[in-house]
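Trainee: I have a structure here, written as structure tokens, and I will follow up with some questions on it.
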Amino acid sequence: MLRIALNNIVRRRNNSMLMIICMAITVGIFTLLWSVFSLSNSGLELSKSRLGADVLVYPKDAEVDDEKLLFSGLTEMVFMDEEVFPPLSDDLKAEVEGISSQFFLETLPGVGCCETDESLRIVGVDLKSDFILKAWLEQEGIQSLSDQEIIVGSDLRDSIGLTTGVTTILLNNSFTVKGVLHKTGTGMDRTIFLNMDVARKLAAQSFPPKQFGLDSYDSAVTCYLLKLKEGTDVDAFVEGLQNGSEGVNVVAVRETQGNLRAQLAMFSQILFIFWIAALILCGIALVSMFRSLIYGRKKEIGYLRSIGMQQKEIFAMFLWEIGLLSTIGGLAGAVAGVLLVNPLLSQLQELITIPTGEWSVGIACLRVLGGWGLSLLLCALITTVPVCKLAKLAPFEAISEGEL
Amino acid sequence: MELLKLLKVTKTFETGEKCTAVNEVSLSVSEHDFISIMGVSGSGKSTLLMLMGGLLKPTSGDISYLGKSLFSMSDTELTNWRGKTVGYLFQNVQLVQALTLRENMELARRYGNNLEANVDEILKLLDLTKLQSRLPSQLSGGQKRRGMFAVTLVRDPKIILADEPTNDLDDKSSQQIIDILQSAAQKGKAVVLVTHNARWAAQAGKQYRMENGSLNLVTSI
């Protein structure tokens, strides 16, 4: 049966190709949208569990917003003086578990780092007060960073090969990668971390502080991250802190995540509508192609029954043929869909902020399997009933098609 | 030995108005029989052949093979019976379009009586050796018909039901087919030939004429 099915596919090449292409488009779109959707959702979930901060404080005159600061890995340099951040009242202080400042700067595209044209975000952290990297550092047994050591986000390992032990040049200074962070689904994944003082020195070497309205970078920071004690009313804290300071924006990370989630939900709806439209169009084409494949061979079925082929064998023959066509089309579409995930995400990230979760060969394989599963499901939905009907057709009816 | 027996077989189609294609036909088909059935178009010849091949169920009457009613068999049994017992040469050539002639023969052989049947010998007999790798769509009308005949012979059936097997063939090829049918009957097979060509019909041992669904014996040698 498999041999007949294969021959049918190979020797009816044009029909087979049409069906394969149609199935590939349907499954490809599905796999692509499914992957992008789940990647952004898992990014949000990861950020919830791994970001660790409850409140973000950043300069009011910054051109970037909180979403971009937290999730995009944007390389824009923006600073405020440590003194701009208002001293906390005793009430607010009592609710804070930790405060950590960060200093952002960027590599220069094409010359800064790692033979990539991309401009990368460098973040200086104060490891004494830091609670963002703390858990990971403890897990890895890293107590401190020397001035020549950096920690990198997981995307940088995957995209430009910054793995542990690798030496790289950042803004004309040599650094060794001390470790690679776990995926967080935030801008951290595309960030290089080093000591705050080293970051300030690097900035001073490459970017005159005057262009940012500063005399020096000695007391400059880009943002503060605050971790609040369990049970603290975050919204009330944010309101209280914001009221006490005019030079900064104070936002609840949870609120940023919520906004992002709402934005992603809307975006997902658009993707879903797009997929449904594609599914309907390709589905109609597939139905008509599969039906013509089946009903166009009515006489052949009658002939096969006349030479002694059983109903179940005819059923199996069609199942093999349609299953193979669906598998080829489904797998081709799913692989194409998976390969297009990163290009599509890059395009979309230029339009909106999209956090991204873990994307590995294993996950890509799962998505391909999912796409293949969809192709088989579609083929089963479309063809089972007509194939069953036809296999059960009396040989005379199949042969004569009512001609007698 | 009597192989197939038709007893008052009637087949009525009800598509809009009632049409009796075969009317109370009784016929006995034995080993070595070479039977021809002549008749004008629409006289019910092909329907009778379909009934004899177990491809169509009669409205009334019975058809039995070696004493067992065909239509008391399950679908699986009847299909097996068809594969091993009946070689059906359809009026319109029927082959699997995606298989070459040789592959069609090999497929048919799996369901026939003789799994060891020599494909090459049959191809040679029908002068098809050079065409064995062609798909049905690459064969001419006459070649297809001979191909269909090869597919029937490879199954080594006990009964050959041939519905206008000489259509699309020149006289020489037609005579070759008739000779092969005659030879099959001499070797113990039962052959039923439906034709509207009196010349081919005359070469059969028993000649019947079909008129308005009724079968009448014309000559028996």
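Just so it is clear, none of the values below were taken in a lab; they were calculated from the coordinates. Small disclaimer: the values here were computed from a predicted structure and weren't measured. Glycine gets a Cβ as well: all are built from the backbone with ideal geometry, and neighbour counts include every protein chain shown.
Trainee: Over what distance in Å are the Cα centres of segment B:71-88 and segment B:150-221 separated?
Mentor: 21
Trainee: Calculated FRET efficiency, B:Ser140 and A:Leu281, Cβ-Cβ r, R0 35 Å, to nearest 0.05?
Mentor: Rounded to the nearest 0.05, the efficiency is 0.25.
Trainee: Hey, another quick one. Taking H as built 1.01 Å from N, whose amide H comes closer than 5 Å to the amide H of B:Ser214, not counting residues under 5 places away?
Mentor: B:Asn23
Trainee: Within the protein assembly as shown, what percent of beta bridges assigned by DSSP are antiparallel, to the nearest 5? Present the calculation step by step, with values, prior to reporting the outcome.
Mentor: Working: 50 of 76 bridges.
Percent antiparallel among DSSP bridges in the protein assembly as shown is about 65.
Trainee: Considering only A:Ser89, B:Gly142, B:Val9, whose Cα is most displaced toward the positive end of the charge dipole of the protein assembly as shown, charges sitting on Cβ of Lys, Arg (+1) and Asp, Glu (-1)?
Mentor: B:Val9
Trainee: Place a point 7 Å from the Cα of B:Asn197 along the Cα-to-Cβ direction; which residues of segment B:32-72 have their backbone N under 15 Å from it?
Mentor: B:36-39, by backbone N distance to the label point.
Trainee: Could I ask something else about it? Calculate the length of the line joining the C-alpha centroid of segment A:270-330 to that of segment A:343-397, in whole Å.
Mentor: Taking the Cα centre of each part, segment A:270-330 and segment A:343-397 sit 15 Å apart.
Trainee: Follow-up. Placing +1 on the Cβ of each Lys and Arg and -1 on the Cβ of each Asp and Glu in chain A, which of A:Ile280, A:Leu376, A:Leu181 has its Cα farthest towards the positive end of the resulting dipole?
Mentor: It is A:Leu376.
Trainee: Nearest 5 percent is fine: what portion of the DSSP beta bridges confined to chain B is antiparallel?
Mentor: Of the beta bridges lying entirely in chain B, close to 60 percent run antiparallel.
Trainee: Please identify which residues in segment B:1-16 have an amide N closer than 13 Å to a label point set 7 Å out from the Cα of B:Ser64, following the Cα→Cβ vector.
Mentor: Counting backbone N atoms under 13 Å from the label point, the list is B:2-8.
Trainee: Out of all DSSP beta bridges with both ends in segment A:111-258, state the antiparallel percent to the nearest 5.
Mentor: 40
Trainee: Counting alpha carbon pairs within less than 8 Å and at least 6 residues apart, what relative contact order, in whole percent, applies to segment B:1-160? Can you show the working numbers first?
Mentor: On the way: 242 pairs, mean separation 35.2, N = 160.
RCO, segment B:1-160: 22 percent.
Trainee: Where is the GNM fluctuation largest for chain A (alpha-carbon springs, 10 angstrom cutoff): A:Gly141, A:Gly308, A:Gly371?
Mentor: The residue that fluctuates most here is A:Gly308.
Trainee: Among B:Lys11, B:Lys68, which comes first, then next, by fewest other beta-carbon atoms within 10 Å?
Mentor: On the way: B:Lys11 24, B:Lys68 10.
Ranked by crowding around the Cβ, least crowded first: B:Lys68, B:Lys11.
Trainee: ³J(HN,Hα) across segment A:147-156 via Karplus (A = 6.51, B = -1.76, C = 1.60, θ = phi - 60°), whole Hz, x for Gly/Pro?
Mentor: Whole-Hz 3J(HN,Hα) from phi for segment A:147-156: 5, 9, 10, 9, 10, 10, x, 5, 5, 6.
Trainee: For segment A:299-355, state the average projected area of the convex hull of the C-alpha atoms over all orientations, rounded to one decimal in nm².
Mentor: Reported value for the Cα convex hull: 6.1 nm².
Trainee: Could you sort B:145-151, A:95-101, A:361-367 so that the peptide with the highest average Cβ count within 10 Å comes first and the rest follow in order?
Mentor: B:145-151, A:95-101, A:361-367
Trainee: Quick one: what do you get for segment A:259-379 if you divide its Cα Rg by 2.2 N^0.38 Å?
Mentor: 1.46
Trainee: Moving on. I need to check one value: relative contact order of chain A, counting alpha carbon pairs closer than 8 Å and at least 6 residues apart, in percent.
Mentor: In percent, rounded to a whole number, it is 31.
Trainee: Still on this structure, please answer the following. So how tilted is helix B:101-111 from the main axis of chain B? Cα-based, degrees 0 to 90, rounded to 10.
Mentor: Tilt of helix B:101-111: around 50 degrees.
Trainee: Okay, next question. Charges at C-beta only: +1 for Lys and Arg, -1 for Asp and Glu. How large is the resulting dipole of the protein assembly as shown about its Cα centre, in Debye rounded to 20?
Mentor: Computed about the Cα centre, the dipole is about 5320 debye.
Trainee: With the alpha-carbon atoms as the only input, what is the per residue convex hull volume for the protein assembly as shown in Å³? Numbers along the way, then the final one.
Mentor: On the way: hull volume 134.6 nm³, N = 625.
Dividing the Cα hull volume of the protein assembly as shown by its residue count gives 215 Å³.
Trainee: If you don't mind, there's one more thing I want to ask. Around A:Ile354, which amide H atoms from residues at least 5 apart in sequence, or from another chain, sit under 5 Å from its own amide H, with H modelled in the peptide plane?
Mentor: The list, which skips near neighbours in sequence, is empty: none.
Trainee: Using the Karplus equation 6.51 cos²θ - 1.76 cosθ + 1.60 (θ = phi - 60°), what ³J(HN,Hα) coupling, rounded to whole Hz, does each residue of segment B:116-126 give in order, writing x for Gly and Pro?
Mentor: Computed from phi, the couplings for segment B:116-126 are 9, 3, 8, 4, 4, 5, 5, 4, 5, 4, 9 Hz.
Trainee: Using a Förster distance of 56 Å, how high is the FRET efficiency between A:Ser129 and A:Ser292, based on the Cβ-Cβ distance and rounded to 0.05?
Mentor: Values: r = 70 Å, r/R0 = 1.25.
For R0 = 56 Å, the calculated efficiency reads 0.20.
Trainee: Take B:Leu99, B:Leu153 and order them by how many other Cβ atoms sit within 10 Å, fewest up front.
Mentor: Going from least to most buried by this count: B:Leu99, B:Leu153.
Trainee: Taking a ≥ b ≥ c as the square roots of the Cα gyration tensor eigenvalues, with a/c under 1.5 meaning rounded and otherwise prolate when a/b beats b/c, else oblate, which class fits segment B:72-215?
Mentor: Numbers: a/c = 1.60, a/b = 1.14, b/c = 1.40.
Here segment B:72-215 falls in the oblate category.
Trainee: Please list, in chain and number order, the residues 5+ apart from B:His32 or on another chain whose amide H is under 5 Å from its amide H, with Hs placed from the backbone.
Mentor: B:Gly188, B:Lys189, B:Ala190
Trainee: Work out from phi, with θ = phi - 60° and the Karplus expression 6.51 cos²θ - 1.76 cosθ + 1.60, the ³J(HN,Hα) of each residue of segment A:222-239, listed in order in whole Hz, and give x for Gly and Pro.
Mentor: Working through the residues one at a time gives 9, 7, 10, 10, 10, 10, 9, 5, 3, x, 6, 7, 4, 4, 5, 4, 4, 4 Hz.
Trainee: Going by how many other Cβ atoms sit within 10 Å of their own, how do A:Ile150, B:Ile180 line up, fewest first? Show your work: numbers first, answer last.
Mentor: Values: A:Ile150 24, B:Ile180 19.
The most exposed by this proxy come first: B:Ile180, A:Ile150.
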